[in-house]
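S.K.: Dropping a structure here in structure tokens format, bear with me for questions.
The values are calculated or read from the model by the stated rules, or taken from the named source; none is laboratory data. Because the structure is predicted, anything quoted here is derived from the model rather than measured. Positions of Cβ are backbone-derived with ideal geometry, glycine not excepted, and every protein chain shown enters the neighbour counts. In case anyone asks, the SASA skips ligands and DNA or RNA and just uses the protein heavy atoms, side chains included. Shrake-Rupley method; radii C 1.70, N 1.55, O 1.52, S 1.80 Å.
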Amino acid sequence: MKIIFFGSDGFAAIHLEHLLTYGHEILACVTGPDKPQGRGMKITVSPIKQIAAEKKIPCLQPLSLKDKSIVDTLKSYKADVFVVVAYGRLLTQEILDIPKMFCINVHGSLLPKYRGAAPVNWTILNGEKETGVTVQKMVLSLDAGDIIAQEKIRVDDDENAGQLRKRMAQVGAKLLVKVLEKQPLGQISLSPQDETKATWAPKLTKEMGLIDWKKPARAIINQVLGLQPWPGAYTFCKGKMLKITQAQISMEDKAKSSPGQVIKVSKDGFHVACSDKGLLIKEVQPEAGKVMSANSFVAGYRIKVTDTFK
């Protein structure tokens, strides 16, 4: 199978590696432009570009998919199929029409549920117990193409979005390979999505991370897990931002405490009142600091009962 692969991050890289392992011919990779990251604004390249360099595969990094030059270049490869995984940009109709067969996308949800940019995060934010991956035929409308294959995945209670996404990448990569094995034989069947069941998973924003301690404890745990690794769930302690990276339901009585108030400090961390019960904070990241145990944070920042997070 002659493939052009579109992708950007580690999730996409796992799919690319599987395709190479199973002997598919990757004619070229398409990924985003190199960009500065971190405090030092060091120029970094995507995992897809790194793999392409190692395997000596041509790598295209267009600023725009509407440029005639990139369209002509993609046409010149005469690919059987385009595979798109976590690329981060919408393909134009002109590009969707290029491959001999069609464009395939691997999406991190059971479509039509959670179309959009952040399906894994919203799965956890909403407390879902089950999710999955979908391989779909791409159309111009976002994540609305016919379903080729799906596989369900259980969501663990203490699993964060980053961890779930890694598991889903392995499942998605294997499912993609199975689909491409069927395609040359004409065995693929397409199932239209039920538009009445479509839901959305829009982009995350930093503001979504602010914890409202008036919410139930389980909702806050979902926020902590669902917003990792970015933007993270955060609160304010003594005027400085504090990210909460690990928490669990507390057995401590919060009856006399207001939401956000510390109700107990223990060797496991500190317990904070929510609307319905307490939350045991086990791991945190202070502003401009590294991730640490809540116990270490308590000792260093002198957290005590009745202190209040806002």
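S.K.: What distance in nm lies between label points placed 7 Å from Cα along the C-beta direction at Gln37 and Asp276?
M.R.: 3.7 nm
S.K.: Take every Cα pair under 8 Å in the range 164-310 that's 6+ residues apart, average their separations, divide by the length, and report that relative contact order as a whole percent. Let's see the in-between values first.
M.R.: Numbers: 241 pairs, mean separation 28.5, N = 147.
19 percent.
S.K.: Also: Once you put a point 7 Å from the Cα of Lys215 and another 7 Å from the Cα of Gln163, both along the Cβ direction, what distance in nm separates them?
M.R.: Label at Lys215, label at Gln163, 1.9 nm between them.
S.K.: Once you place label points 7 Å from the Cα toward the Cβ at Leu140 and Thr92, how far apart are they in nm?
M.R.: The answer from the label model is 1.2 nm.
S.K.: How much accessible area does Tyr301 have with a 1.4 Å probe, in Å² rounded to the nearest 10?
M.R.: 100 Å²
S.K.: Among Cys59, Gln37, Leu19, which residue has its Cα positioned farthest towards the positive end of the charge dipole of the range 1-86, with +1 placed on the Cβ of Lys and Arg, -1 on the Cβ of Asp and Glu, and the dipole taken about the Cα centre?
M.R.: Positive-most Cα among the choices belongs to Gln37.
S.K.: Continuing with the same structure: Which percent, to the nearest 5, of DSSP beta bridges fully inside the chain are antiparallel? Write out the running numbers ahead of the final one.
M.R.: Details: 39 of 57 bridges.
If I count the DSSP bridges inside the chain, around 70 percent turn out antiparallel.
S.K.: Would you work out the relative contact order for the chain, in percent, from Cα pairs under 8 angstrom that are 6 or more residues apart?
M.R.: 13 percent
S.K.: Another question, if that's okay. How large a share of the accessible area of the chain, in percent, is made up of carbon and sulfur atoms when the probe is 1.4 Å and the other protein chains stay in place?
M.R.: Values: 8180 of 15780 Å².
Result for the chain: 52 percent of the exposed heavy-atom area is carbon or sulfur.
S.K.: Hey, got the dipole for the range 10-151? About the Cα centre, +1 on K and R Cβ, -1 on D and E Cβ, debye to the nearest 20? The partial results should precede the final answer.
M.R.: Values: 16 positive and 14 negative charges, 90 e Å.
It works out to roughly 440 debye.
S.K.: Same structure, new question: Compute the label zone of Lys174 within the range 83-109: residues whose backbone N is under 19 Å from the point 7 Å along Cα-to-Cβ.
M.R.: 106-109
S.K.: Further question on the same structure: With charges set only on the Cβ (+1 for Lys and Arg, -1 for Asp and Glu), what does the dipole of the chain come to about its Cα centre, in debye to the nearest 20?
M.R.: Working: 44 positive and 31 negative charges, 174 e Å.
The calculated dipole for the chain is roughly 840 debye.
S.K.: When the helix-only estimate is applied to the chain (DSSP H runs of n ≥ 4, each -39,500 (n - 2.57), divided by the residue count), what is the mean residue ellipticity at 222 nm, nearest 500 deg cm²/dmol?
M.R.: Details: 8 runs with 81 residues, N = 310.
The helix contribution divided over the chain gives -7500 deg cm²/dmol.
S.K.: Express the accessible area of the chain per residue in Å², computed with a 1.4 Å probe while the remaining protein chains stay in the model. Walk me through the numbers on the way to the answer.
M.R.: Numbers: 15780 Å² over 310 residues.
It amounts to 51 Å² per residue over the chain.
S.K.: Students often check this: by mean Cβ neighbours within 10 Å, which of 77-89, 150-162 ranks highest, and how do the rest follow?
M.R.: Top of the packing list down: 77-89, 150-162.
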